[in-house]
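Below you'll find the structure, written out as structure tokens, and then a few comments.
The values are calculated or read from the model by the stated rules, or taken from the named source; none is laboratory data. Values in this document were obtained by computation on a predicted structure and should not be read as measured data. Every residue, glycine as well, gets a Cβ built from its backbone with ideal geometry; the counts of neighbours run over all protein chains shown. Side chains are part of the model used for accessible areas, which takes the heavy atoms of the whole protein and leaves out ligands, DNA and RNA. Shrake-Rupley method; radii C 1.70, N 1.55, O 1.52, S 1.80 Å.
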Amino acid sequence: MLRPICGWIALAALWAGGATAAQTMQLTEAEQAALDACFQLENDAAVPVCIEDLHLPLPPEGRELLAMVSDTGLQAAHERWQQGFDAAMLDHARTLAARGDARSLLAAALIIPIRYDEVTAQPLPGPVDPAVWFDAARAVRPADPLVAWLEATDCVAPRLSCDANVAIARLLQVDGDNAAVQWRAINAALDGGDEIAARTHLRLAAQAGRFQPYAGELLTLLLESRNAAPLPPMDADTAQAMGHIHQLDRPATNADMVAMLSAAQWAATALPARAGVMQLCEPDRRDPDPMLRQDCIALLAKLAADESMVIFPAIALPRLVELTHGPQRAAWQSQLRDHTWIIEQYPSSLAGGADADFPYRVAADGELEAIRHQMQDSGIPIQPPADWLPRNPRTRALVTTGRAPAS
């Protein structure tokens, strides 16, 4: 269960991006950090006092949010709705788990409401332990690739002992032609100090026919599973408050809250590990190997072309610039510039409020296409102006010279 009102405000910041709040309120980095600290206070009554003491230049909408935090009647209405929401989600999770297939068991483990101790931040015992459902999903054969991917990426249920190496072995058995699976195996091999195995997986990744990191499948599962729950209606006060918090220009609905929860959980769960591949594909290795460089470029090109999450091109494009030369490098520099423009402009596209359909577009078309749609709706061009350069000094240097600045 989320904290009353304060939790939803914090969740809105996670969904829409902290940069938007700072931009709207014109806060400095230090002021934004102090504001974030206020929302982390365990005592909800202390939150508005903390914010008032900061004397920040809050706009009228910020003052309204502050008033909501202090409204005990609204807090009570929200708490009643949240309890009904959690009860319905628990019942639906049990229904899903009873089906017994791996994907339904996984969905049940992901959507079950979990309460946390406000002092220790540790999960509290509930009527059902999601670890039991996730463990049952892992045991189903043939193995479900999404279950194995999540075990290899992030242990999705509290108190569950995950074994990433076992999960990666399952992934290699059921989806070995997926470059994303080989990419996870590269990271695991390097974590274990086995560069020979990592090199083998890199070659297989370079030769694989596709790169499919399961991001869309995960978000689709979260959205569809929660939307299928028979949720109680949202009362008018809570709907009005949630609509205001998320800048919807209308009262919120249960569908909006499902989208918000699912998008936040997806963002926290789907982020990939990347250090291993970057280590193997260093542009200035002491033992330069033309075949190694060729395989690195082939794998990173697959990441650069993937639009399921903005992180994949963001990982790949800078390194592709460093690993290539001539016309090939120029092409990657152009792509890096275009991608960085989208990343930098996206917070501005949310200034008028996040599109409530955004998570559904991410699930259907990928995060990059969903961002482009949001930018177009906000009147922001998809292509950067002719004279535009990235803000980040390293990225700007890669775009202009093809070389990272000396550290």
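Annotation: of all residues in region 79-96 being among the polar types (S, T, N, Q) and open to solvent by 30 Å² or more (accessible area, probe 1.4 Å), the one that is modelled with the highest pLDDT is THR95. Screening ASP365, ASP295 for residues that are in contact (Cβ under 8 Å) with a residue 24 or more places away in the chain and more than 30 Å from ARG199 (Cα to Cα) leaves exactly one candidate, ASP365. Answer yes if at least one residue in region 337-358 is exposed (fewer than 15 other Cβ atoms within 10 Å of the Cβ), more than 22 Å from ILE245 (Cβ to Cβ) and hydrophobic (A, V, I, L, M, F, W, C), and no otherwise. No, that holds for no residue. Any residue that is farther than 14 Å from TRP149 by Cα and hydrophobic (A, V, I, L, M, F, W, C) - is there at least one of those in region 160-170? Checked against the condition, which is being farther than 14 Å from TRP149 by Cα and hydrophobic (A, V, I, L, M, F, W, C), region 160-170 yields at least one hit. Within region 80-109, the only residue that satisfies the criterion of being within 17 Å of LEU146 (Cα to Cα) and of a type in the set (Asp, Glu) is ASP101. State the number of residues belonging to region 230-253 that are in contact (Cβ under 8 Å) with a residue 24 or more places away in the chain and surrounded by fewer than 20 Cβ atoms within 10 Å (Cβ to Cβ). Matching residues across region 230-253 total 8. Considering region 342-386, the residues that are part of a loop (DSSP other than H, G, I, E, B), out of contact with any Gly (no Cβ under 7 Å at 6 or more places or on another chain) and within 17 Å of LEU222 (Cα to Cα) include one that is modelled with the lowest pLDDT, namely ALA356.
Every test in (1) in contact (Cβ under 8 Å) with a residue 60 or more places away in the chain; (2) open to solvent by 10 Å² or more (accessible area, probe 1.4 Å) is passed by MET260 save one, and that test is (2). Can you work out which of the residues in region 19-40 that are at pLDDT below 75 and open to solvent by 60 Å² or more (accessible area, probe 1.4 Å) is farthest from the chain's Cα centre (by Cα)? Applying the filter and picking the extreme gives GLN26. When residues in region 214-228 are screened for being in contact with a Leu (Cβ under 9 Å, 6 or more places away or on another chain) and either buried (at least 20 other Cβ atoms within 10 Å of the Cβ) or of a type in the set (A, V, I, L, M, F, W, C) (or both), 7 of them pass.
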